[in-house]
Amino acid sequence: MKPHTLSSFDRDLEEIRLSVLTMGGMVEAAILDASQALEARDTELAAQVVQGDGQIDAAEEEINARVVRLLALRQPQADDLRAAVAVMKMAGELERLGDYAKNMARRVPVLIAAPTIEGAAGALRRQARLVGQMLKDMLDAFARMDADRAREVITRDVEVDDMTNALFREFITHMMEDPRNITPCLHYVFIAKNIERMGDLVTHGAEHVIFVAEGRLAGERQKGHSTATIKAPGE
């Protein structure tokens with residue numbers, strides 16, 4: 001009888017996990033660079049973020065291909081299968097995070113040509129920094145398979161939601177005060193909403209960590225007030 005291949009599976013999966021962490025570092029940099037480009041009105045840095053998204057996409061494709069090969073060769077049992085599938089899901093979350101960073105960067109030239117909304121870009125950069133720190137901590141939890149740290153990351157998503165709601169109210173006020181502010185504020189609203197979705201994707205990644213580490217779902221998480229219910233000032 002051939003020896004059990006668990007050690008080979010673990011070694012191969014660990015190499016793929018390291019690739020996911022590398023991909024995560026690329027995504028974290030893209031988020032921070034896109035928000036910096038927005039605040040600094042830096043079209044060159046924004047273009048670098050857009051161009052760099054291709055590397056993030058390629059990283060996801062390579063990780064998925066390696067996981068598929070691993071599953072075909074090793075034919076893992078329940079726990080190992082769960083870990084391998086979680087790695088693929090994690091790569092997918094990271095790829096979508098990269099897309100949101102790219103979309104933020106693409107709006108930079110448009111906003112440079114539009115009327116300036118004082119403080120808007122700085123506020124969005126602070127929101128993006130919060131998500132970037134959540135991502136960094138989630139990746140650390142993933143590297144260590146630390147379910148407690150993953151749960152701590154999940155709790156911080158409420159702060160992202162609350163920041164989004166506050167920004168929406170501010171942008172609505174600007175639009176009501178001056179119709180010329182409508183175009184830039186709509187772009188800022190889309191960016192704020194995309195950053196909120198980034199926070200959701202990071203929490204999904206943290207939930208994957210909990211699922212692999214403990215073999216159970218993370219459970220329902222607390223959310224901030226829905227932006228769909230935000231009323232205009234004075235309502």
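Rule-based calculations on the coordinates, nothing more; no lab input. Quick caveat, the model's predicted, so the values are computed rather than measured. Every residue, glycine among them, receives a Cβ derived from its backbone with ideal geometry; neighbour counts consider all protein chains shown.
One residue alone among 150, 113 is free of Cβ contacts under 8 Å to residues at least 12 places away in the same chain and not basic (Lys, Arg), and that residue is 113. Once region 84-135 is narrowed to residues that are under 13 Å from residue 194 (Cα atoms) and of a type in the set (A, V, I, L, M), the residue that is surrounded by the most Cβ atoms within 10 Å (Cβ to Cβ) is 101.
Taking every residue in region 36-56 that is closer than 23 Å to residue 115 by Cα and touching a residue at least 40 places away in the same chain (Cβ under 8 Å) and pairing it with any residue that is basic (Lys, Arg) and crowded, with 16+ Cβ neighbours inside 10 Å, at least 6 positions away or on another chain, the pairs with Cβ-Cβ distances below 6 Å are 39/125. Output the number of the condition that residue 73 fails; it satisfies all remaining conditions of (1) out of contact with any helix residue (DSSP H, G or I) (no Cβ under 7 Å at 6 or more places or on another chain); (2) surrounded by 15 or more Cβ atoms within 10 Å (Cβ to Cβ). Tallying (1) out of contact with any helix residue (DSSP H, G or I) (no Cβ under 7 Å at 6 or more places or on another chain); (2) surrounded by 15 or more Cβ atoms within 10 Å (Cβ to Cβ), residue 73 fails exactly one: (2).
For region 130-153, filtering for residues that are more than 25 Å from residue 80 (Cβ to Cβ) and either not in a helix (DSSP H, G or I) or not small (Gly, Ala, Ser) (or both) leaves 8. Being buried (at least 19 other Cβ atoms within 10 Å of the Cβ), under 22 Å from the mean Cα position of the chain (by Cα) and part of a helix (DSSP H, G or I): is that true of residue 18 here? Answer is no for this residue. Scanning region 74-84 for residues being outside any loop (DSSP other than H, G, I, E, B) and in contact (Cβ under 8 Å) with a residue 12 or more places away in the chain gives a total of 6. Among the residues of region 26-42, at least one is in contact with a Leu (Cβ under 6 Å, 6 or more places away or on another chain), aliphatic (A, V, I, L, M), within 30 Å of residue 82 (Cα to Cα) and in a helix (DSSP H, G or I).
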